[in-house]
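One structure below.
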Amino acid sequence: MLMAPAGAKANNRFAFDLHAHLAAASPGENICFSPFSISAALAMLHAGARGDTAAEIAVVLRADPSTKIEPARLQDASGKPLPSQPLPFRMANALWAHDGYPIRADYATLLRDRHDAEIRSVDFIHDAEPTRRIINDWVSRKTSGLISDLLTDPLHPLTRLILTNAVYFQAKWLTPFDRDLTQRQPFHLESGSTADVALMHRRLYGRYAEGHGYRTAAVEYENRARMWIVLPDEGRSLAEVEAALSADDLMATWSAAERRQEVYLWLPKFRVRARCELAQTLAALGMPTAFTDTADFSGMHEPSPRPLVLSDVIHEAFTDVNEERTVAAAATATLMRAGAGAYDPSNPVEFRCDRPFLFFIRDAMPGAILFMGRLTDPTKD
């Protein structure tokens, strides 16, 4: 289990809020991000926020204001941490504080005990470039080298604290696609042209449902996680489905898909990498105060003449899908400165993903969206 059911529901709603902004900013482009990673980083940020700053972050994370935000962590039903090594999904958190900056001991303890975070002391003033490389190396190790340069720009000399989250997912399909059945076939782009892509094919007895203007099917991994695909109906654009689809509607459709259906699935092999700076997006979603001189992160540090403000939130994600497995990784950094059922023997369904679609990787329990994306052109990496 990665989070409580209520936390998973909030994470999924946040995923759709964020996707709407990213999709609007990059029309027609491939998208990939990990709402789970971003939520985990913002949960650590929220733990040190107070007043309006904390309230706004909670609103963005779709958290119940009457309850504490539960940290995203690998845990069993009783809340005890799970060992990460045997699992196909792993995550890591860290706090990087400038040497001598007065971080509150109770905040450091909270991150260490509840968010399983490493606490690191670095020098953002005299060793800014080595520190940037150290943080990037940490992210690279935690993502098996898939995210190797999260922090691309020189660190600002007023940087005092950085929170990082890294997640890595690798799982084999419960039943692999047969390589001999993969064929080069046309993928219909929204421009009206086609691209020649490697289309995998297999028959499966899986979860399938029809929504308003789309169909959705799941492909299971060995660990019981699933990739859900949302394919627009013929004659309906992906943009139309994105505009009409909400997290609650899709969760309800997925819940109705528990009965197994025979599906003839065609799915392109693809790789998607995306990077985004989320300051403007998060401010627009409802947390502008964190990026201003009126931010209150007094729960993070002892009284200081120059309190912290959030300068940026940087995120990068990668997904690779082929006949045997899926590999996905993501990392998020918040940069802070001193500032001012049974088989149903019905007729098989043909599910040909030869046009733009959405994809989701969800954990088995309680169903949090770990990765989410939009594939408009499989030929673009």
For region 252-272, give me each residue that is surrounded by 15 or more Cβ atoms within 10 Å (Cβ to Cβ), farther than 19 Å from A23 by Cβ and among the aliphatic types (A, V, I, L, M). A257, V263, L265, L267
Name the pairs: first residue in region 255-279 and basic (K, R), second residue at pLDDT below 95 and outside any strand (DSSP E or B), Cβ to Cβ under 6 Å, at least 6 apart or on different chains? R259/G341; R271/D381
Filter region 97-114 down to residues that are among the small types (G, A, S), surrounded by 12 or more Cβ atoms within 10 Å (Cβ to Cβ) and within 20 Å of L155 (Cα to Cα), then give me how many there are. 1
Just checking, does region 302-320 include any residue being under 30 Å from G100 (Cα atoms), of a type in the set (A, V, I, L, M) and part of a loop (DSSP other than H, G, I, E, B)? no
It is to be established whether one or more residues within region 352-366 are within 22 Å of S246 (Cβ to Cβ) and surrounded by fewer than 19 Cβ atoms within 10 Å (Cβ to Cβ). yes
Evaluation of H201 against (1) of a type outside the set (A, V, I, L, M, F, W, C); (2) closer than 24 Å to I369 by Cα; (3) at pLDDT 95 or above (one fails), failing number: (2)
Looking at V349, is it among the β-branched types (V, I, T) and buried (at least 23 other Cβ atoms within 10 Å of the Cβ)? no
Among the listed residues A128, A108, A94, identify the single one that is of a type in the set (A, V, I, L, M, F, W, C), closer than 27 Å to A329 by Cβ and touching an Asp or Glu at 6+ places or on another chain (Cβ under 6 Å). A94
Picking from E220, E234, which residue would you name as being surrounded by fewer than 20 Cβ atoms within 10 Å (Cβ to Cβ) and either of a type in the set (A, V, I, L, M, F, W, C) or more than 17 Å from D354 (Cα to Cα) (or both)? E220
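Yes/no per residue for (1) in the same structural domain as A24 (by TED's automatic domain parsing); (2) part of a strand (DSSP E or B); (3) under 22 Å from the mean Cα position of the chain (by Cα); (4) on the phi < 0 side of the Ramachandran plot:
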| site | (1), (2), (3), (4) |
| --- | --- |
| E220 | no, yes, yes, yes |
| N223 | no, no, yes, yes |
| W228 | no, yes, yes, yes |
| E234 | no, no, no, yes |
| A243 | no, no, yes, yes |
| A252 | no, no, yes, yes |
| L265 | no, yes, no, yes |
| T281 | yes, no, yes, yes |
| A290 | yes, no, yes, yes |
Looking for whichever is of a type in the set (K, R) and over 25 Å from the mean Cα position of the chain (by Cα) here; the options are R179, R132. Which one fits? R179
Can you confirm whether region 135-148 contains a residue that is in a loop (DSSP other than H, G, I, E, B), on the phi > 0 side of the Ramachandran plot and out of contact with any helix residue (DSSP H, G or I) (no Cβ under 8 Å at 6 or more places or on another chain)? yes
In region 136-167, the residues that are surrounded by fewer than 21 Cβ atoms within 10 Å (Cβ to Cβ) and under 18 Å from M91 (Cα atoms): N136, D137, W138, S140, R141, S144, G145, S148, D149
Listed residues R275, R207; which is of a type in the set (D, E, K, R), in a strand (DSSP E or B) and buried (at least 20 other Cβ atoms within 10 Å of the Cβ)? R207
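The values are calculated or read from the model by the stated rules, or taken from the named source; none is laboratory data. On a predicted model such as this, the values are computed, not experimentally measured, just so you know. Glycine also receives a Cβ, built like all others from the backbone with ideal geometry; neighbour counts cover every protein chain displayed.
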